[in-house]
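Working notes, structure below.
The values are calculated or read from the model by the stated rules, or taken from the named source; none is laboratory data. All of these numbers come straight from a predicted model, not from anything done at the bench. Don't worry about glycine lacking a Cβ; one is built from the backbone with ideal geometry, like all the others, and counts go over all protein chains shown. Each accessible area value is taken on the protein alone, full model and side chains, heavy atoms only, with ligands, DNA and RNA left out. Shrake-Rupley method; radii C 1.70, N 1.55, O 1.52, S 1.80 Å.
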Amino acid sequence: MTLRTRNRWLGALPEGWCVSRLLEVADVWTSNVDKHSVEGQPAVRLCNYTDVYNNETITDDLPFMEATAKPEQIKRFRIRVNDTIITKDSETATDIGIPAFVDYEADDLICGYHLAIVRPTPGKVNPKFLFWALKSAPTMGQWSITAQGVTRVGIRSTDLSKVTISIPPINEQSNIARYLDRETARIDALITAQERFIKLLQERRDAVWAAQYERAREAGDILQLRRVISSIVDGPFGSSLTSAHYTSEGTRVIRLGNIGTNNFKNSDEAYISDDYAKKLKQHEAKAGDVLIAGLGDENQPLGRATVVPEWLGSAIVKADCFRARPAELVSGEFLAWVYSAPQTRAAIRLLARGATRQRINTGIAKAVEIPVPSREEQDKILATASEQTAKIDTLIAKTQRHIGLAKERRSALITAAVTGRIEIPKEV
C-alpha cells in the first residue's frame, strides 16, 4: 500500500485518497425541535438524544417520543434513510459527536434538540462510509477540541461542517463500509455473549447475597437507615460546584461513577481547591463512611453503595452521591453490603421517582429498611458472602476486561479501515 497524502488528524493516507471537510461531501444542520406538545401543531415522533447516543442505528423499533412541531420544522428536520445523526452537546468534551446511522424514515419522524443531521451528497461519499468515518477516533478527537462550554459543552453549528475526514475512491468507500458492517457485527456478537455471561454471574452473585441477607434478617432487627447512622448528606449540585472550582490537585471529588465500582482512581478523577473544600465541609466523606448512589440506570443500579477506603482520606461528594456516617450499631462494610443487596435495591426502586432515570433523595434513603444483626454476626455474614462471591467477582472482572479489549479492537479497526491503514479485501 502506497501512502502519500498526510494530514494532521488522519496521518498518512493511501495514494488516490483525499482529505475533505465535511461540508464538501454533506449538508449539516442542527435541530431546534424541543420535546413540548403545542395544541394546534401537527403530531410528530422525535428521534431524541438518547435514541442516538444509545443506538448505532436508528430503526423502526425504537420507542420514539411523541410531541408536536411546526410544519416548517417537520419539513426541515425530517430524517431520511442514509442520514447520520450526531450528538452535538454533552457533559464532557470527550463524549460528544456520537453518530447513529438512519435506517428508517417516516413522514412524522423528525430530529430532536441537541442533535445535528448529516446528509451525504450523492456521488461524493457513500452514506455508510461517512457514518464510519464520523465514528472514527480522528473525528472524535476533532469534536473534543472543537467543543466549547463550561458546565455543558457543545459544538457550534458553524464548526460542525469543518471536521476533516478521509475520502477514498467511491468504490473503495462501499467496500470499506461493507467490511466494517461485517467485522463490527462479529465483535458485537462476542461482546453480547460476554455481557450475557456477566448477567448470569451477577444473578449467581445475587443469589449468594440473598441467602446471606435472609440470614441477617433472621439474626437481627429490621431498622430504617436513619436508626443506624449519625448523619447523611447529599453532594452540592452543579450550581454550587462548577468547572471553575476544579484544580489539578487538592481535595478529591467523589462522583456518581465511583460508587459501587470501588474505582476511585479512574479517569473521572477530579479535585477542588482545599480552600473551597472548607466551605463544603458538610459534604465531606472520610474513610469508613458509606457512599450511596441516589441516581441509577440500567447499567448502574440505584442505591448501590461502597465504603470510602482508608487511602482516600478526605473527599467531597458531588451531586446524587449520599454520604452516610455509620453509628455504633453497624460497621461501614456491612452497611454498604446490606444496602447494595438485591432485596434492598428492590425496596429502593419502589420508593424512587423519575421516568428515564430513577432517583431518590436523602429522606427516602433514610427511610429504607435493612436487617441489623449483632456486630459479631455482621462480620460472619460478610466473611461468608465474601468467600462465596470471590470467584464470581474474579470471573466478572475478567470478562469485563475481555469486553473492554473487544471494544478497543472495534474502535481501532474502524479508524484503521477509514484511514487506509489496513488492506480491505476487494470484494467483501
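Along the positive direction of the dipole of segment 79-218 (beta-carbon charges: Lys, Arg +1; Asp, Glu -1; about the Cα centre), which of N175, V153, T192 reaches farthest?
With unit charges placed on the Cβ atoms, the residue in question is N175.
About its Cα centre, how strong a charge dipole does the chain have in debye, to the nearest 20, once Lys and Arg get +1 and Asp and Glu get -1 at the Cβ?
600 debye
Using the Kirkwood radius over Cα pairs, work out the Stokes-Einstein diffusion coefficient for segment 316-370 at 10 °C and 1.306 mPa s, in µm²/s as a whole number.
Calculated translational D: 129 µm²/s.
With no solvent and one point per C-alpha, what does the Debye sum give as log10 I(q)/I(0) for segment 139-256 at q = 0.19, 0.20 Å⁻¹?
-1.11, -1.13
When all C-alpha to C-alpha distances in segment 115-184 are sorted into bins of 10 Å, what percent of pairs does each bin hold, rounded to whole numbers?
That works out to 17, 47, 27, 8, 0, in percent per bin.
Kindly provide the helix-only [θ] at 222 nm of the chain, computed as the sum of -39,500 (n - 2.57) over DSSP H runs of four or more divided by all residues, to the nearest 500 deg cm²/dmol?
-12000 deg cm²/dmol
For segment 345-389, give the percent of accessible area contributed by carbon and sulfur heavy atoms, probe 1.4 Å, rounded to a whole number.
Carbon-and-sulfur percentage of accessible area, whole number: 46.
Between I422 and S20, what is the label-point separation in nm under the 7 Å Cα-to-beta-carbon projection?
Those two pseudo-labels are separated by 2.4 nm.
So what does T146 come to for accessible area, using a 1.4 Å probe and Å² rounded to 10?
40 Å²
Alpha carbons only, please: Rg and Dmax for the chain, in angstrom.
Rg and Dmax of the chain, Cα atoms, are 25.2, 75 Å.
Find how much the distance from L190 to R156 grows on full extension, using 0.36 nm per residue of separation minus their present alpha carbon separation; answer in nm with one decimal.
Full extension from L190 to R156 adds 8.5 nm.
With the dipole of the chain worked out from charges on the C-beta (+1 for Lys and Arg, -1 for Asp and Glu) around the Cα centre, which of V418, G220, S37 lies farthest toward the positive end?
V418
Averaged per residue, what accessible area in Å² does the chain show with a 1.4 Å probe, protein chains only?
Per-residue accessible area for the chain comes out at 50 Å².
Which of the aspartates and glutamates could a cross-linker span from K128 if the Cα-Cα distance has to be under 17 Å and same-chain partners fewer than 8 positions apart are dropped?
The qualifying aspartates and glutamates are E24, D27, E56, D83, D103, E105, E172, D181, E183, E427.
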